[in-house]
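See below for the structure under consideration.
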Amino acid sequence: MIPLRTLLAPLAFLLLACSSFAKPADIYDEQLVGTEQIKAALEIAKAEDKRVLLQFGANWCVWCHRLHELYQSDSEVKTKLDSDYVLVLVDVNKGNNAEVNERYGKPTQHGLPVIVILDSDGAQLVTQETGALESGQGHDPAKVMAFLEKWSL
């Protein structure tokens, strides 16, 4: 018979290893209506003299989570976003917000995540596939900053 102590160490290791693959917290609210999110964001952008950054994505999208994590963890990127943009995370999982995707020229055809920048009147300024902002296993803070700088007021 194998001693219990001998079984516990491999079991503990296995549990720790599996926990590192846990699904990250949802960043996209699948219940929100994109047109309403954008309308509210445009009101804020108009009042605060900002642009609107639409990030189309889905909770299952690893690269969506990586980009959002950069927004939160890189102080320079976070400061730029907070000062110059109103961020809207548009969920496009399972066809959600198809009318918003259509309205902005089907940006999701480029893959996820994809960014669309609007001025405070709602005019579409640019669509950016985010592969160009990647480096290695994440998004390059310098490339993201250059993009944000280019399209800010």
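The values are calculated or read from the model by the stated rules, or taken from the named source; none is laboratory data. Not measured: the values here are computed from a predicted model. When we count neighbours, we look across all protein chains shown, and the Cβ atoms used for this are built from the backbone with ideal geometry, even at glycine.
State all residues of the stretch 23-50 that are among the basic types (Lys, Arg) and surrounded by fewer than 19 Cβ atoms within 10 Å (Cβ to Cβ); if no residue qualifies, say none. Those that are among the basic types (Lys, Arg) and surrounded by fewer than 19 Cβ atoms within 10 Å (Cβ to Cβ): 23, 39, 46. Scanning the stretch 104-120 for residues that are touching a residue at least 40 places away in the same chain (Cβ under 8 Å) and of a type in the set (Lys, Arg) gives no hits. Considering the stretch 76-126 alone, what residues qualify as being touching a Phe, Trp or Tyr at 6+ places or on another chain (Cβ under 7 Å) and among the β-branched types (Val, Ile, Thr)? Correct list: 77, 90, 92, 108, 114, 116, 117, 126. What pairs come out if I take residues in the stretch 22-51 that are under 19 Å from residue 72 (Cα atoms) and pair them with residues that are in a loop (DSSP other than H, G, I, E, B) and aliphatic (A, V, I, L, M) whose C-beta lies under 7 Å away, six or more apart or interchain? If the second residue must be in a loop (DSSP other than H, G, I, E, B) and aliphatic (A, V, I, L, M), the pairs left are 28/58; 51/153. Is it true that residue 101 is touching an Asp or Glu at 6+ places or on another chain (Cβ under 6 Å), of a type outside the set (Ser, Thr, Tyr) and surrounded by 15 or more Cβ atoms within 10 Å (Cβ to Cβ)? So residue 101 fails the test. Residues being of a type outside the set (Phe, Trp, Tyr), touching a Pro at 6+ places or on another chain (Cβ under 7 Å) and at pLDDT 95 or above are represented in the stretch 34-55 by at least one member. Here is the figure for the stretch 123-152: residues that are within 16 Å of residue 56 (Cα to Cα) and either surrounded by fewer than 15 Cβ atoms within 10 Å (Cβ to Cβ) or more than 15 Å from the chain's Cα centre (by Cα) (or both) total 5.
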